[in-house]
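Participant: Just dropping this structure here.
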Amino acid sequence: MTLYFASTTAPVNIATLKYWGKRDKDLNLPTNSSISVTLAQDDLRTLTSVCTGPELTDDKLVLNGKEESLASERTQNCLKDLRQLRKELENSDAKLPKFSEWKLTIVSENNFPTAAGLASSAAGFAALVVAIAKLYQLPQSLSEISKIARKGSGSACRSLFGGYVAWEMGNETDGSDSKAVEVAPMAHWPDMKAAILVVSASKKDTPSTSGMQLTVKTSDLFKERVRDVVPRRFEEMKKSIREKNWPLFAELTMKDSNSFHATCLDTFPPIFYMNDTSKKIIKLCHQINAFYNETVVAYTFDAGPNAVLYYLKENEHKLFAFIYRTFNKVSGWETKFSSDELAQFIKHFDTTVAKDLDFEIDDELCQGVSKVILTQVGPGPQPTDECLIDTATGLPK
Ligand code: DP6
């Protein structure tokens, strides 16, 4: 059997300036530009292997060990665009094998539970598009390829780069200028850390696609956000990243999360993504910043109750004096810290915080969080020798 293979990993990204609202649903064009931080892949990533060959009879997709339909319009749009670019390449060189006419096997695995409600679609579509672009040996730049990932899921376009990434909304009606670009590589500001507090959710949230559509249709606050607030913040946040201005970056991040959730509340009927635990986490973050009289932590929330806390490595002990003290019963700490280091956080709490502040440990808050994931800024998609497909049969391993 003649088969050709490619594999890649792709990261999760968490927006610090939120994408919320589409001006074109089919092309997945946003109503505003957005910015995100790409997270390290040892903790959160999608690995995707693809293969093609003249003898394959169907397009096939296997996600986390389960065969899934490829019928969704979004996935079809991605495959169509990738095959079109490959066809252009084949037209320019008659010796190239006709990949554009052959079927594809796509096998994908996340290294984190999909149920955690983390942005798996962004990493998933980014990995799918990058793996096929690699298989097809497409000469286009990552920004060009990001336009295809965008059609799969808007936020996926930002997962094509590591570090600090902007999705420029663009102005063209055909979406040709709506793409991801690098604001700064990971190495520019490598001390950016993230602690994800996975908040237990009792029911399924409104999917972001339908949620944002309802916001565009019904929220007056949203109009102001898109007209004035986000365009201003987009420039300010890029500058704060380039200048490594942490207090400004942190303030904009928190304000933009709050602004996004305010437009959700202003949607009619309203959409609630944050729950009581999320709100208590916001209060705790402000309490921490007030205690130290400096910005130690910035929170952000997507279309669900999970909190992502950004902080700089140099402030780790200050933050975790509070956060570890509050959430020490939650699992996830031991993967990144030795018991000695964890004991230091408690010591810092006892000697610095408890001395000056009557801080009450909220057991209910701790119970609302099921897991902590400690991670940091990371690189973009990575080539890998790992392959999820059997090279002899073209079937999932
Ligand atoms: C709140 O990218 O999941 O996470 O384009 O419809 O697939 P679709 O939406 P999606 O929306 C993400 C919304 C967000 C903010 C963000 O990531 O910028």
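The values are calculated or read from the model by the stated rules, or taken from the named source; none is laboratory data. What you are looking at is a predicted structure, and each value in this text was computed from that prediction instead of being measured. So basically every Cβ, Gly included, is an ideal-geometry build from the backbone, and we count neighbours across all protein chains shown. Accessible surface areas use protein heavy atoms only, side chains included; no ligands, DNA or RNA. Shrake-Rupley method; radii C 1.70, N 1.55, O 1.52, S 1.80 Å.
Participant: Residues 285, 264: which one is in a helix (DSSP H, G or I), at pLDDT 95 or above and under 17 Å from residue 193 (Cα atoms)?
Facilitator: Values: 264 fails: under 17 Å from residue 193 (Cα atoms).
Being in a helix (DSSP H, G or I), at pLDDT 95 or above and under 17 Å from residue 193 (Cα atoms) holds for just one of 285, 264, which is 285.
Participant: Restricting attention to segment 288-315, which residues are of a type in the set (Phe, Trp, Tyr) and either closer than 19 Å to residue 240 by Cα or surrounded by fewer than 20 Cβ atoms within 10 Å (Cβ to Cβ) (or both)?
Facilitator: Within segment 288-315, the first condition is being of a type in the set (Phe, Trp, Tyr), and the residues that meet it are 291-292, 299, 301, 310-311.
Correct list: 291, 292, 299, 310, 311.
Participant: Restricting to segment 11-46, name every residue that is within 19 Å of residue 375 (Cα to Cα), part of a strand (DSSP E or B) and more than 10 Å from the ligand (Cβ to nearest atom).
Facilitator: Step one: of segment 11-46, the residues within 19 Å of residue 375 (Cα to Cα) are 11-16, 35-46.
Now narrow it down to the ones that are part of a strand (DSSP E or B): 11, 13-16, 35-39, 45-46.
Matches in segment 11-46: 11, 37, 38, 39, 45, 46.
Participant: A further question on this structure: Please verify whether segment 375-384 includes one or more residues that are farther than 30 Å from residue 207 by Cβ, loosely packed, with under 14 Cβ neighbours inside 10 Å and in contact (Cβ under 8 Å) with a residue 60 or more places away in the chain.
Facilitator: Scanning segment 375-384 turns up at least one residue that is farther than 30 Å from residue 207 by Cβ, loosely packed, with under 14 Cβ neighbours inside 10 Å and in contact (Cβ under 8 Å) with a residue 60 or more places away in the chain.
Participant: Another question about this same structure. Which of the residues belonging to segment 329-359 are closer than 18 Å to residue 315 by Cα, under 26 Å from the mean Cα position of the chain (by Cα) and open to solvent by less than 50 Å² (accessible area, probe 1.4 Å)?
Facilitator: Across segment 329-359, the qualifying residues are 333, 337.
Participant: How many residues, within segment 161-192, are open to solvent by 50 Å² or more (accessible area, probe 1.4 Å), under 12 Å from residue 147 (Cβ atoms) and without any contact (Cβ under 8 Å) to a residue 12 or more places away in the chain?
Facilitator: Selection size over segment 161-192: 1.
Participant: Within segment 54-75, take every residue that is assigned to a helix (DSSP H, G or I) and either in contact with a Gly (Cβ under 6 Å, 6 or more places away or on another chain) or charged (D, E, K, R) (or both) and give me the one that is least open to solvent (accessible area, probe 1.4 Å). Please lay out each step first, then the result.
Facilitator: Here is the first cut: in segment 54-75, the residues assigned to a helix (DSSP H, G or I) are 73-75.
Going one step further and asking which of them are either in contact with a Gly (Cβ under 6 Å, 6 or more places away or on another chain) or charged (D, E, K, R) (or both), we end up with 73-74.
Values: 73: 118, 74: 75 Å².
Checked segment 54-75; the qualifying residue least open to solvent (accessible area, probe 1.4 Å) is 74.
Participant: Further question: Is there a residue being in contact with a helix residue (DSSP H, G or I) (Cβ under 8 Å, 6 or more places away or on another chain), under 17 Å from residue 80 (Cα atoms), of a type in the set (S, T, N, Q) and away from the ligand (no atom under 16 Å from the Cβ) anywhere in segment 142-156?
Facilitator: Within segment 142-156, not a single residue is in contact with a helix residue (DSSP H, G or I) (Cβ under 8 Å, 6 or more places away or on another chain), under 17 Å from residue 80 (Cα atoms), of a type in the set (S, T, N, Q) and away from the ligand (no atom under 16 Å from the Cβ).
Participant: Among 78, 51, which is the only one that is among the hydrophobic types (A, V, I, L, M, F, W, C), assigned to a strand (DSSP E or B) and either more than 24 Å from the chain's Cα centre (by Cα) or surrounded by 21 or more Cβ atoms within 10 Å (Cβ to Cβ) (or both)?
Facilitator: Values: 78 fails: assigned to a strand (DSSP E or B).
Among 78, 51, only 51 is among the hydrophobic types (A, V, I, L, M, F, W, C), assigned to a strand (DSSP E or B) and either more than 24 Å from the chain's Cα centre (by Cα) or surrounded by 21 or more Cβ atoms within 10 Å (Cβ to Cβ) (or both).
Participant: Continuing with this model, one more query. Could you please tell me which pairs satisfy a Cβ distance under 9 Å, a separation of 6+ or placement on different chains, a first residue in segment 224-235 that is open to solvent by 50 Å² or more (accessible area, probe 1.4 Å), and a second residue that is of a type outside the set (Lys, Arg) and not in a helix (DSSP H, G or I)?
Facilitator: What qualifies is 231/32; 231/33.
Participant: Quick one: would you say residue 224 is away from the ligand (no atom under 16 Å from the Cβ) and part of a helix (DSSP H, G or I)?
Facilitator: On the way: away from the ligand (no atom under 16 Å from the Cβ): yes; part of a helix (DSSP H, G or I): yes.
Spelling it out, residue 224 is indeed away from the ligand (no atom under 16 Å from the Cβ) and part of a helix (DSSP H, G or I).
Participant: Being within 15 Å of the ligand (Cβ to nearest atom), out of contact with any strand residue (DSSP E or B) (no Cβ under 8 Å at 6 or more places or on another chain) and aliphatic (A, V, I, L, M) is true for just one of 165, 129. Which residue is that? Even if it seems obvious, please write down each step before you answer.
Facilitator: On the way: 165 fails: out of contact with any strand residue (DSSP E or B) (no Cβ under 8 Å at 6 or more places or on another chain).
When all the criteria are applied, what remains is 129.
Participant: Given the condition surrounded by 14 or more Cβ atoms within 10 Å (Cβ to Cβ) and over 30 Å from residue 373 (Cβ atoms), answer yes or no: does some residue in segment 105-126 qualify?
Facilitator: Going residue by residue through segment 105-126, those that are surrounded by 14 or more Cβ atoms within 10 Å (Cβ to Cβ) are 105-110, 112, 116-126.
Now restrict to residues that are over 30 Å from residue 373 (Cβ atoms): 105.
Yes, that holds for at least one residue.
Participant: Next question, about the same structure. Can you report the number of residues in segment 198-220 which are open to solvent by 80 Å² or more (accessible area, probe 1.4 Å) and assigned to a helix (DSSP H, G or I)? Give the derivation first.
Facilitator: As a first pass, look at segment 198-220 and keep what is open to solvent by 80 Å² or more (accessible area, probe 1.4 Å): 202-204, 207, 217, 220.
Filter once more, keeping what is assigned to a helix (DSSP H, G or I): 217, 220.
Result for segment 198-220: 2.
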